[in-house]
Each structure stands twice: as structure tokens, then as C-alpha cells.
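Heads up: the structure comes next, in C-alpha cells.
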Amino acid sequence: MKKHLIAAVAVTLGLATASASPRDRTSVPEATPDGKPISCVQTSSISSTQVHGDSVIDFHMRGGKVYRNTLPNSCPSLGFEERFLYTTSIGELCSVDTITVLQSPGLSRGATCGLGTFQPVQLVKAAAR
């Protein structure tokens with residue numbers, strides 16, 4: 001049973017990677033501040049994340065709010081891998097916490113990097129071409 005589950009996950013990950021369109025991994029979408037920065041976000045409210053280069057992560061929350069976290073230092077390979085893990089025991093991810101880059105193959109652990117504050121932002125929509 002476990003072998004089938006692992007294979008299904010691997011196939012799903014492969015399809016997601018193959019269907020993704022190429023994009024500039026270093027570009028950071030324009031955004032305007034939408035309030036004062038906060039120190040922590042509830043992990044249960046995070047619906048997705050989007051990595052922009054080695055030092056910016058947008059946390060998309062349930063309900064549509066976006067928090068931009070600009071890491072105080074560049075995090076090697078974060079922009080290339082575009083995936084990370086974090087652990088917390090209090091149900092919040094805070095500016096004093098760290099993330100660890102997940103590297104291919106096999107999702108091995110890469111660099112561990114500190115987070116910055118969570119700045120609420122409004123993402124600027126790109127003009128249609």
C-alpha cells in the first residue's frame with residue numbers, strides 16, 4: 001500500500017512540474033503595502049506560498065489577504081527550488097522562525113534561513129498584453 005502511495009505522489013509531482021510554465025524566478029511582483037507589518041501569521045490560515053528569488057516569499061492567506069515576507073538575508077537555492085519547510089509548535093509562523101529549503105532530488109534539506117516580518121500587501125495586477 002505504501003509503495004503505491006509514494007508512486008502516486010511522485011507522478012503527481014512530476015506532472016505538476018512538467019505543466020508549469022517557465023517564469024523568471026528572480027522577479028518580484030510589484031505590490032503596495034496594505035497596513036503595518038506583523039510578526040506572526042496563523043499557519044492554519046496559509047492557503048499557499050509563492051517564492052520570488054532567494055529572499056522574498058508571498059504568503060497567500062485564506063480570505064485573499066497576502067503577506068510579503070522579505071528575508072533579512074538571501075537564502076541560497078530558495079529561488080531555484082521554490083519550496084521550503086518550517087516547523088512550529090504554536091500554530092504561528094513568526095519573524096523569529098526559520099525555513100529550510102527543500103532540494104531535489106528526494107527533497108533533501110538545504111539552507112536554513114531566518115524570516116522577516118510579514119508585510120500585508122496588495123499585489124499590483126500586470127497590464128494585459
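How many residues does the stretch 44-89 contain that are in contact (Cβ under 8 Å) with a residue 40 or more places away in the chain and of a type in the set (D, E, K, R)? Of the residues in the stretch 44-89, 4 are in contact (Cβ under 8 Å) with a residue 40 or more places away in the chain and of a type in the set (D, E, K, R). Is one or more of the residues making up the stretch 106-118 in contact with a Phe, Trp or Tyr (Cβ under 7 Å, 6 or more places away or on another chain), under 21 Å from GLU30 (Cα atoms) and at pLDDT 95 or above? Yes; the residues of the stretch 106-118 include at least one that is in contact with a Phe, Trp or Tyr (Cβ under 7 Å, 6 or more places away or on another chain), under 21 Å from GLU30 (Cα atoms) and at pLDDT 95 or above. The set of residues in the stretch 56-90 that are over 19 Å from THR32 (Cβ atoms), part of a loop (DSSP other than H, G, I, E, B), open to solvent by 30 Å² or more (accessible area, probe 1.4 Å) and modelled with pLDDT of 95 or more comprises ARG62, PRO72, ASN73, SER74, PRO76, SER77, GLU82, ARG83, TYR86.
State whether the residues of the stretch 9-27 include one that is at negative phi, modelled with pLDDT under 95, part of a loop (DSSP other than H, G, I, E, B) and surrounded by 14 or more Cβ atoms within 10 Å (Cβ to Cβ). Yes. Residue check: is ILE99 part of a strand (DSSP E or B), in contact with a Phe, Trp or Tyr (Cβ under 6 Å, 6 or more places away or on another chain) and either open to solvent by 30 Å² or more (accessible area, probe 1.4 Å) or modelled with pLDDT of 90 or more (or both)? For ILE99, the condition - part of a strand (DSSP E or B), in contact with a Phe, Trp or Tyr (Cβ under 6 Å, 6 or more places away or on another chain) and either open to solvent by 30 Å² or more (accessible area, probe 1.4 Å) or modelled with pLDDT of 90 or more (or both) - is met.
The values are calculated or read from the model by the stated rules, or taken from the named source; none is laboratory data. Since we're looking at a predicted model, the values are computed, not measured. All Cβ positions, glycine included, derive from the backbone under ideal geometry; neighbour counts span all protein chains shown. For accessibility, only protein heavy atoms count, side chains too; no ligands or nucleic acids. Shrake-Rupley method; radii C 1.70, N 1.55, O 1.52, S 1.80 Å.
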